[in-house]
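Undergrad: Here it is, the structure, as structure tokens.
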Protein chains: 4
Amino acid sequence: MSFQNPVFIPGPTNIPERLRKACDMPTIDHRSPLFGQILHPAREGVRRVLKSDSAQIFIFPSTGTGGWETALSNCLSAGDTVLAARNGMFSHRWIDMCQRHGLGVEIVETPWGHGLPADRYEEILTADTGHRIKAVLATHNETATGVKSDIAAVRRALDAAGHPALLFVDGVSSIASMDFRFDDWGVDVAVTGSQKGFMLPPGLAITAFSAKAMAATDTATLPRTFFDVKDMAKGYANNAYPYTPAVGLLNGLNEACGMLLAEGLDNVFARHHRIAEGVRAAVRAWGLELCAVSPEVYSDTVSAIRTPEGFNATDIVSHAASAYGVAFGTGLGEVAGKVFRIGHLGSLTDVMALSGLATAEMVMADLGLDIRLGSGVAAAQDYYRGCRIETRKAAA
Amino acid sequence: MSFQNPVFIPGPTNIPERLRKACDMPTIDHRSPLFGQILHPAREGVRRVLKSDSAQIFIFPSTGTGGWETALSNCLSAGDTVLAARNGMFSHRWIDMCQRHGLGVEIVETPWGHGLPADRYEEILTADTGHRIKAVLATHNETATGVKSDIAAVRRALDAAGHPALLFVDGVSSIASMDFRFDDWGVDVAVTGSQKGFMLPPGLAITAFSAKAMAATDTATLPRTFFDVKDMAKGYANNAYPYTPAVGLLNGLNEACGMLLAEGLDNVFARHHRIAEGVRAAVRAWGLELCAVSPEVYSDTVSAIRTPEGFNATDIVSHAASAYGVAFGTGLGEVAGKVFRIGHLGSLTDVMALSGLATAEMVMADLGLDIRLGSGVAAAQDYYRGCRIETRKAAA
Amino acid sequence: MSFQNPVFIPGPTNIPERLRKACDMPTIDHRSPLFGQILHPAREGVRRVLKSDSAQIFIFPSTGTGGWETALSNCLSAGDTVLAARNGMFSHRWIDMCQRHGLGVEIVETPWGHGLPADRYEEILTADTGHRIKAVLATHNETATGVKSDIAAVRRALDAAGHPALLFVDGVSSIASMDFRFDDWGVDVAVTGSQKGFMLPPGLAITAFSAKAMAATDTATLPRTFFDVKDMAKGYANNAYPYTPAVGLLNGLNEACGMLLAEGLDNVFARHHRIAEGVRAAVRAWGLELCAVSPEVYSDTVSAIRTPEGFNATDIVSHAASAYGVAFGTGLGEVAGKVFRIGHLGSLTDVMALSGLATAEMVMADLGLDIRLGSGVAAAQDYYRGCRIETRKAAA
Amino acid sequence: MSFQNPVFIPGPTNIPERLRKACDMPTIDHRSPLFGQILHPAREGVRRVLKSDSAQIFIFPSTGTGGWETALSNCLSAGDTVLAARNGMFSHRWIDMCQRHGLGVEIVETPWGHGLPADRYEEILTADTGHRIKAVLATHNETATGVKSDIAAVRRALDAAGHPALLFVDGVSSIASMDFRFDDWGVDVAVTGSQKGFMLPPGLAITAFSAKAMAATDTATLPRTFFDVKDMAKGYANNAYPYTPAVGLLNGLNEACGMLLAEGLDNVFARHHRIAEGVRAAVRAWGLELCAVSPEVYSDTVSAIRTPEGFNATDIVSHAASAYGVAFGTGLGEVAGKVFRIGHLGSLTDVMALSGLATAEMVMADLGLDIRLGSGVAAAQDYYRGCRIETRKAAA
């Protein structure tokens, strides 16, 4: 393992030096007051990153998948119905989890590459006059397709329908990288992990619960212990966990929030947008297309890039790894073999992004695709330079 | 956080330098072959530490509590009955988890300080001619009381009763520190975490399943996704996880197994026994008693020490932390305030243990207990020296 | 290398976690402004630790020995005479260096275990009416014997004699652990290293020059390039070095100064004194004697302990290492085989010190010395407890 | 300090993860046998990297400049004459050091950008029938100009003249990156540092002495203590140093040699050549010229690139740092403002190199130079791809 080149998978991301060191911590007594000095600021930091005044933050030694399970098992009961669109691998998996936990799922099949259909949600919710639907699932950013959805529109759909269902949002590959407004959007449970926008190693499921979601835990009967938020809340009140917390990762999370908030959330989001725009400029220069069908759904954290008919996009990923030691993401599910993915989230610079683009060009050329070397790099360079010049003008 | 003194909590343990470095890893692509080079040896190493030829090892980004849930949710269905003894806080919590997951629990109340009553198990199992009981729960080492139980005897009870129930063993604070024989004892599911005998930070639930336990997953209907072992098995077959693995901890686990197996499991167990015996010699010299009622149940990983009537044992823990920067464990549940605990597992030397004993002496003296300074230290020194002299004699 | 136990050598010391991390730094451009943000605060921090308003601080990628050479080669010319007492191995070596660099040395032979004879200095300086003596060498703390000398008295000797010689002070094992007053004592060149009171890995020679010492560099003709302070000063003025600086160690030094100044120098010195007093209490309890002949010369950073006639003290060091994995210091030069040394400087707690004492007891007992196990530990415990009780009283 | 982008200074280089961890070591007793287990293999590894069977390796806590001083002060006496060519900043500095140490220097002024004039050396040495010249200085790789010289030719000049002078070679920016043949070339003293081809932090002067150089130490009278190789040899014989060694860096050096030798020295050199050729292809594509005047003197570790008349090349370095967070090297001495330098040595991949080239293009475009974005990147990509295709063909 040479660890010399950056990774361009859509998470886990490259880990900043500061966070490597914050996580790499000797053992402390997790039942001592010291632990509270890590836990509480970390939770507070997450709350601020989510732009919420009142969400309760629960952090489990787990992953985003565990976060999904936290949302379901704490707020729902077997037999309940949820509404969900399937527009990629991760929305698919969450739906599958619902079904395995005995929930009925009203599935809105949505073409991969498209965002969540808020209008269809509104129709269905409006029709559900009996309020059979207890929760609406929304994947903010489909990591498999590089598609961002409009959560505010989903909230409007709920409001227009006057429907009391809870709104669960998977923000695994958006939170801390793209704008997320827990309070403004009326989110009830938000879910993410440590290894994306927070730039940490994997190992934490990070969840936020609204007061309405907390109230739902009183009646929800799905079995839960490890992921029980009330046990967690009781623990937190005593500076503790109901079991052994992942202290080092929590320390890293605290530090990560500090970094993000010091940079300024708007700057963080603008940086992700800038780097993503450069990657998209390169894709255009290559004459390729994104899986995401239109600019308003382009993701600022990952680009899924369609390769020509008859070409196995997965070869790009394996050749990049073996020939150049660089990791990209493969296509998953419906788009397996049809797309490769460039992750551009977390700790990344323009310069790092350019090295990924340069590698992708060599790889595609090696594999016989008609790509002019340097073409995508030049398009991205041009964009990145322009941003700096604009910045200077704006400042002047 | 000064991190200068060792910790003497019963886990997370002190982390060896080598393992700190193994865990502190830059991001790799967890869907690349590189990951298999970490995952498979780590699982193989755990299997060998468990003295099993055929157990299937499943490792989750979670904790021991998640491991308990893995055992239950993969092998059992709501309404099933399990047999369990309650002789400490951790056996209590596992029972509570069963109940919250809709299982009936036949509870054998057992005085705290005593081991599991294999004879009572045998009676109950023999009486259960209808095989209503689907699983027997056994806590190998009660971390709350410092009590080791005889798992081989539990197996004999099952065999004597000719009962087909599965045997689930909580080895969280025993595995990799005390002898554990998955195959010989006919264990069906064993559960531990990364932060005890494996000397790593918390964040992994480590489980082992027998063929019989795997077969039970076919019919078990408790809901599960995050902790589903079949999803995990499918992932492993492709060098992958069903979600994002905790790569750094797995790399650490691989290294930890390498360290343990290179030292030799018997040497590891003997080392734990030696250090524990020194601590127990100190306790005797202080004129205090262990919570564990007799030598055959003395734990080699943690000692719970009773303090005199009318004295709040928890004061020892808080005073040690504030005055000397040393962490001991408090009493939990029934023995809260009545015992304090010295963890002596994982990465520890005689010399480190002596510093813990010396601290405990100062603390108890500060708090007015009638302890002669140096008395426990001397008893432990005498024992540790003797071990070395015996070793030299044996070698000569 | 297990790295579990603390070391008890008189430097390099145990390195605090924070400083490990500060030193372990990726490469930066040492000719960029970033470097100045490390260099200047580090130099400023050292100046404050030395209690000087105006000393010029020069830091070389070298060791204390290189610091000695810096003092000599920048301020003196071949044929110059210096005055020095020889009362231990390190004062001996500095004298030897002088001779190898063509300097005449007026040596005051002083029994090992005694401090510098300021009165003899005064006599000699008074007699040196022609001011043949250009510099006076003074070892503040003789690491070989655990003897502290009175530098203020040496200054008074110079002043009483009205002698213009420069005062060079070896503070390698005193600075940042024991009180050092560059300005008050009229020191002209002070020398130390990174690996003692600053608690860092070895690799830096840290020197301080008075205005008078700087003036002497104008006429000094000993050859110098690597250790030339004027080249260094010129570099510093441009945020740079005349060659490649040890950036990580400088970053660590900056952090170390921050830690020391935040704790408060007086508290740092009091902590060293307290820990040292505990060690000395143990030595008394063992019935042994220090090499240092009287309390006013007892060093707070290292104790050299005489063993009984006929016993080879070096065996203690080798047995401690092989049987218990603990490092003590051997005797050097005249006292080789007659003393062993316990280093108690830098990053150390009472609890760590007790583990060293407990080990020493086992070792001495193993080797047949008449030592009662626990006796020294108890004496130290008693002292350490008393300090805390006093502190509480004082605070109340 | 974000540490996200690689550095492109000609040393210190990017440090591989493995070496970061090897250097970041807790304190051990440097007078214990443990230390010998680090020291001896490190010295042996260096010897093998130098392709020598018998050189004595001496390693100081210092830098390359200290290595120069080691060569001079151990082998020469004040008043001795040395022969040296001045063709760049580093050869200039070594000459300056000679003069400051009282040596006469026969200087062969050589245009910057040219290699050492072995023919002029031969003429001068042949004319020196009285063997007034005691040593010949040769800078293998002029870091300031990116010029490699032919050391074998210098040896042939000495042999042709039948001259007994010692051959001192500065291999600071060549050793471990470019072929170096201590024995074949009859080198008497070779000098390098830890922070170049060995990929470590700065802090070690690494020197190699031939038997003839060792013999010269018997009569050399320049003063020396810190850099005395005989003191060092005596220390090594006892697994020790004459003072405190930089243990962590030595541990890193041992590991670095292991990495280099495992990769194979020829592969290491070929890798450096490949990366350098890609950089040079980019320079050609930009329409710029190297400071090095012809291919046979092109350095494989650093390229100094001339910018157009009237343009301040130093602006490239400062703009790259401030706008893109990337470090290049400035021009030094005669070529200050006329060249900027791209370091391409040590731990570097094609992919990392491309990110440096892409950055340089943006910077030059920002500053108004007529550079087509992507042009240099494409030329380098083309070359790097070709190498891989050639490799595949060769293997087939």
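Undergrad: Using θ = phi - 60° and the Karplus curve 6.51 cos²θ - 1.76 cosθ + 1.60, what whole-Hz ³J(HN,Hα) does each residue of the range C:182-188 get, with Gly and Pro shown as x?
TA: Running phi through 6.51 cos²θ - 1.76 cosθ + 1.60 with θ = phi - 60° gives 4, 6, 4, 8, x, 6, 9 Hz.
Undergrad: Cα-based Rg of the protein assembly as shown per 2.2 N^0.38 Å, rounded to two decimals?
TA: 0.97
Undergrad: In addition: If you take every DSSP beta bridge fully contained in the protein assembly as shown, what fraction is antiparallel? Give it as a percent rounded to 5.
TA: Rounded to the nearest five, the antiparallel share is 55 percent.
Undergrad: Give me the angle, in degrees from 0 to 90, between the Cα long axis of helix A:247-263 and the longest principal axis of the Cα atoms of chain A, rounded to the nearest 10.
TA: The angle comes out near 60 degrees.
Undergrad: Still on this structure, I have one more. If the label for residue B:388 sits 7 angstrom from Cα along the Cα-to-Cβ line, what are its distances to the same label in every other copy, in nm to one decimal, shortest first?
TA: 2.8, 5.7, 6.2
Undergrad: Given H placed on each backbone N at 1.01 Å, which residues far from residue C:292 in sequence or on other chains put an amide H within less than 5 Å of it?
TA: Close amide H contacts, sequence-distant or interchain: C:304.
Undergrad: Restricting to Cα pairs below 8 Å that are 6+ residues apart, what does the relative contact order work out to for the range B:203-316? Please round to a whole percent. Don't skip to the end; give the middle numbers.
TA: Numbers: 46 pairs, mean separation 18.4, N = 114.
For the range B:203-316, the relative contact order is 16 percent.
Undergrad: To the nearest whole number, what is the average tally of beta carbon atoms from other chains within 10 Å of the beta carbons of peptide D:31-40?
TA: 2
Undergrad: To continue, here is another question. Taking each residue in C:316-322, count the Cβ atoms of any other chain within 10 Å of its Cβ, then average. What number comes out?
TA: Mean partner-chain Cβ count within 10 Å for C:316-322: 2.
Undergrad: Residue by residue through A:7-13, how many Cβ atoms from other chains fall within 10 Å of the Cβ on average? Show your work: numbers first, answer last.
TA: Details: counts 6, 1, 6, 0, 3, 10, 1.
Across A:7-13, the average partner-chain Cβ count within 10 Å equals 4.
Undergrad: Choose one of C:311, C:54, C:77: the residue whose Cα lies farthest towards the positive end of the charge dipole of chain C (beta-carbon charges +1 Lys, Arg; -1 Asp, Glu; about the Cα centre).
TA: Highest projection toward the positive end goes to C:54.
Undergrad: Counting Lys and Arg as +1 and Asp and Glu as -1, what is the net charge of the other residues whose Cβ lies under 15 Å from the Cβ of residue D:289?
TA: Residues close to residue D:289 contribute a combined charge of +3.
Undergrad: Normalised by the residues of chain C, what does the relative contact order come to in percent, with Cα pairs under 8 Å and at least six apart?
TA: With pairs under 8 Å counted, the relative contact order is 23 percent.
Undergrad: A follow-up question, please. Hey, what's the per residue convex hull volume over the C-alpha atoms of chain D, in cubic angstrom?
TA: Convex hull volume per residue, Cα atoms: 140 Å³.
Undergrad: Taking the alpha carbon gyration tensor of the range C:265-395, what are the square roots of 5 times its eigenvalues, largest first, to the nearest whole Å?
TA: Values: eigenvalues 125, 49, 35 Å².
Calculated on Cα positions only, the semi-axes equal 25, 16, 13 Å.
Undergrad: Only Lys, Arg, Asp and Glu count, each charged at its Cβ (+1, +1, -1, -1), so figure out the dipole size of the range D:58-212 about its Cα centre, rounded to 20 debye.
TA: I would put it at about 280 debye.
Undergrad: Report the gain in length on full extension from residue D:221 to residue D:51: 0.36 nm times residue separation, minus Cα-Cα distance, nm rounded to one decimal.
TA: Going from the current span to full extension adds 58.2 nm.
Undergrad: Suppose R0 equals 60 Å; then what is the FRET efficiency for residue A:270 and residue A:129 from their Cβ-Cβ distance, rounded to the nearest 0.05?
TA: After rounding to 0.05, the efficiency reads 0.90.
Undergrad: Can you tell me the length gained on complete extension of the stretch residue B:382 to residue B:152, counting 0.36 nm per residue apart and subtracting the Cα distance?
TA: 79.5 nm
Undergrad: List every residue whose amide H lies under 5 Å from the amide H of residue B:344, counting only residues 5 or more places away in sequence or on a different chain, with H placed 1.01 Å from N in the peptide plane.
TA: B:302, B:303
Undergrad: Can I ask one more? I'd like the orientation of helix B:33-49 relative to chain B: the angle between its Cα long axis and the longest Cα principal axis, in ° from 0 to 90, rounded to 10.
TA: Tilt relative to chain B: about 70 degrees.
Undergrad: So, one more: Between residue B:159 and residue B:234, take the C-beta separation as r, use R0 = 35 Å, and let me know the FRET efficiency to the nearest 0.05.
TA: On the way: r = 33 Å, r/R0 = 0.95.
With a Förster radius of 35 Å, E is 0.60.
Undergrad: Rounded to the nearest 500, what is chain B's calculated 222 nm mean residue ellipticity when only DSSP H runs of at least 4 contribute -39500 (n - 2.57) each, over all residues?
TA: Estimated from H runs of four or more residues: -14000 deg cm²/dmol.
Undergrad: Now for a different question. In debye to the nearest 20, how big a dipole does the protein assembly as shown give about its Cα centre with +1 on each Lys and Arg Cβ and -1 on each Asp and Glu Cβ?
TA: Using only the charged Cβ atoms, the result is roughly 0 debye.
Undergrad: Could you list, bin by bin from short to long, the percent of Cα-Cα pairs of the range D:1-65 in 5 Å steps?
TA: With 5 Å bins starting at 0, P(r) equals 3, 11, 14, 23, 20, 15, 9, 4, 1.
Undergrad: For residue A:58, which sequence-distant residues (separation of 5 or more, or a different chain) have an amide H within less than 5 Å of its own amide H, given hydrogens modelled in the peptide plane?
TA: Amide H neighbours of residue A:58: A:207, A:208, A:209.
Undergrad: Applying the Karplus parametrisation 6.51 cos²θ - 1.76 cosθ + 1.60 with θ = phi - 60° to the phi angles of the range C:304-312, what ³J(HN,Hα) value in whole Hz is obtained for each residue in order, glycine and proline being reported as x?
TA: Going residue by residue, I get 9, 10, 6, 9, x, 2, x, 9, 8 Hz, with x marking Gly and Pro.
Undergrad: Something else: If the elastic network links every pair of Cα atoms under 10 Å, which of B:240, B:205, B:353 fluctuates the most in the Gaussian network model of chain B?
TA: For chain B, modelled as a Gaussian network with Cα springs under 10 Å, the answer is B:240.
Undergrad: Continuing with this model, one more query. Find, among the trypsin sites (Lys or Arg not before Pro) in the range C:1-53, those assigned to loop by DSSP (not H, G, I, E, B) with at most 16 other beta-carbon atoms within 10 angstrom. Walk me through the numbers on the way to the answer.
TA: On the way: sites: C:18, C:20, C:21, C:31, C:43, C:47, C:48, C:51; in loops: C:31, C:51.
Passing both the DSSP loop test and the Cβ count: C:51.
Undergrad: What nm value, rounded to one decimal, do you get for the distance between residue D:184 and residue A:3 when each label is placed 7 Å out toward the C-beta?
TA: With each label placed 7 Å out from Cα toward Cβ, I get 3.5 nm.
Undergrad: Run the dipole for chain B about the Cα centre, Lys and Arg Cβ at +1, Asp and Glu Cβ at -1, nothing else charged, and hand back the magnitude in debye, nearest 20.
TA: Charge dipole of chain B: 700 debye, to the nearest 20.
Undergrad: For the range C:83-171, go through all pairs of different Cα atoms, get the mean of 1/r, take its inverse, and jot down that Kirkwood value in Å.
TA: Working: mean 1/r = 0.0783 Å⁻¹.
Computed over the range C:83-171, the radius equals 12.8 Å.
Undergrad: Something else about it: If you count, for each residue, the other Cβ atoms within 10 Å and average over each peptide, how do D:210-222, D:273-285 line up from highest to lowest?
TA: Result, highest mean first: D:273-285, D:210-222.
Undergrad: Further question on the same structure: Output ³J(HN,Hα) for the range D:150-159: one whole-Hz value per residue in order, computed from phi by the Karplus curve 6.51 cos²θ - 1.76 cosθ + 1.60 with θ = phi - 60°, and x for Gly and Pro.
TA: Once θ is set to phi - 60°, the couplings for the range D:150-159 become 9, 6, 4, 5, 5, 4, 4, 4, 4, 5 Hz.
Undergrad: Show me the ranking of peptides A:66-72, C:118-124, D:153-159 by mean Cβ neighbours inside 10 Å, starting with the highest. Could you put the intermediate results ahead of the total?
TA: Numbers: A:66-72: 28.1, C:118-124: 18.1, D:153-159: 20.6.
Sorting A:66-72, C:118-124, D:153-159 by mean packing, highest first, produces A:66-72, D:153-159, C:118-124.
Undergrad: Measure nothing fancy, just the Cα-based angle from helix C:64-75's long axis to the longest principal axis of chain C, in degrees from 0 to 90, nearest 10.
TA: 30
Undergrad: Chymotrypsin sites (Phe, Trp or Tyr not before Pro) within the range D:337-396: which are DSSP loop residues with at most 14 other Cβ atoms inside 10 Å? List each step's numbers first, then the result.
TA: Details: sites: D:340, D:383, D:384; in loops: none.
Hits after loop and neighbour filter: nothing returned.
Bear in mind these aren't lab numbers, they're just calculated from the coordinates by the rules spelled out. Because the structure is predicted, anything quoted here is derived from the model rather than measured. Neighbour counts run over all protein chains shown; Cβ positions are idealised from the backbone, glycine included.
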